[in-house]
Every structure is written in C-alpha cells, then in structure tokens.
Amino acid sequence: KPVIFVTGHSLGGAVSTLGALDFKTRYEPEYGVRLVNVASPRVGDHRFCHLYEKHLPEALRVVIDRDMVPGVPQQFLLFEHIGHEAFLDEKGYALVDRTPIERAFVRGGKGQLAAHTFPVYDSGIYGHMDIFGYSELKEKLEKIWEREFDETAKPPADEAKNEA
C-alpha cells in the first residue's frame, strides 16, 4: 500500500508530529504513514505519547548533540517526546533510544542554538551515511538538492536574457 512519509525540522517537526498522527488515524486502511522528524520540540504529555505509540510505534526523531530546541518545552511542564530518538553527533556517530545513563553522560556539553542549523544536521546525517557506506547515496542526494533548490533560486534562462 502507498506510504505517506511525513517529516519536518524544528517547528515543522512539531507540526509533522501532529500531522502524521492525523494522517494515520484518517487514512489507516488505504495508506501507511511514516514519521521522521528532525530537531523537534516536545509536543504533548504522557497521554499523547501513549496514543502516539499505539498508532505510530516506529516514529523517529533525529536530534543533534547540543541542539537546544528538542529540550523545549521543559519536562517539568509534563511535555514528553514521542517515538524513538536517533541522537547524532556532528561526525555521524549515533545512539538510538539512549538509556538514562547515556542521556546524562553522552553529550558534548552545554546546548547551543548554533547546533540547531541545517549545516550541523547535514554534517551529522551525512557523516552517519558515510560510516555505514552510503556515500554514493549521499552524493545522489546532494545532486538532487543542488538541482532542485539551487536552480529555483535562479531566474529561468529566458528571464535572465530579458533583464540584460
């Protein structure tokens, strides 16, 4: 059956969390739903997390070491994260579903807003791909990204000629 792949970064990650659950509950029989969000803040409380686990047990959150945004809102406000966590450093080394001891001791220090940027996440994700031998896939993704997004920033050739 077709799969709806939902993803987002930061606030988009929070929105994708809500959207994936909505898609799953609305379109369950016809479509599968997968969620991979990046740098998402916490979205709901423990009841929301239990509901999420029931409908999307394979949801994945990608978090880079020292990124501050996944730490908000604070847990003392009773917000919790959904799904599985893939905790990456900038070199691409990953821990999935860290234990409480790993949470306490495996981190690079104080949180930094600079760790929330796309280049830092690119470095961690592409580094992880290199570690597992996906360099060829990484190169293909970079070419697609360059073609799709760098080209949209430039005016079409006809418009460039008319401006000159």
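The values are calculated or read from the model by the stated rules, or taken from the named source; none is laboratory data. Keep in mind that what you see is a predicted model, and the values were worked out from it rather than measured. Note that we place each Cβ from the backbone using ideal geometry, even for glycine, and neighbour counts take in every protein chain shown. Heads up: the accessible areas ignore ligands, DNA and RNA and are worked out on the full protein's heavy atoms, side chains in. Shrake-Rupley method; radii C 1.70, N 1.55, O 1.52, S 1.80 Å.
Legend: distances between Cα atoms for LYS24/LYS140; LYS54/LYS140; LYS24/LYS110; LYS24/LYS91; LYS1/LYS140; LYS24/LYS138; pairs beyond 32 Å are LYS54/LYS140; LYS24/LYS110; LYS24/LYS91. The portion of the accessible surface of the range 1-119 made up by carbon and sulfur, rounded to a whole percent, is 63 (1.4 Å probe; DNA, RNA and ligands excluded). For the chain, the Cα-based Rg and Dmax, in that order, read 18.4, 63 Å.
Computed with a 1.4 Å probe on the full set of protein chains, the accessible area for ARG34 sits at about 110 Å². Residues in the chain average 66 Å² of solvent-accessible surface per residue, probe 1.4 Å, ligands and nucleic acids excluded.
Each peptide in 130-141, 54-65 was scored by the mean count of other Cβ atoms within 10 Å over its residues; highest first, the order is 54-65, 130-141.
In the chain, the DSSP-assigned H stretches of four residues or longer account for a calculated mean residue ellipticity at 222 nm of -12000 deg cm²/dmol, using -39500 (n - 2.57) per stretch and the full residue count as denominator.
Among ILE82, GLY12, ILE144, whose Cα lies farthest out toward the positive end of the dipole of the chain, if unit charges sit on the beta carbon of Lys, Arg (+1) and Asp, Glu (-1)? The one lying farthest along the dipole's positive direction is ILE82.
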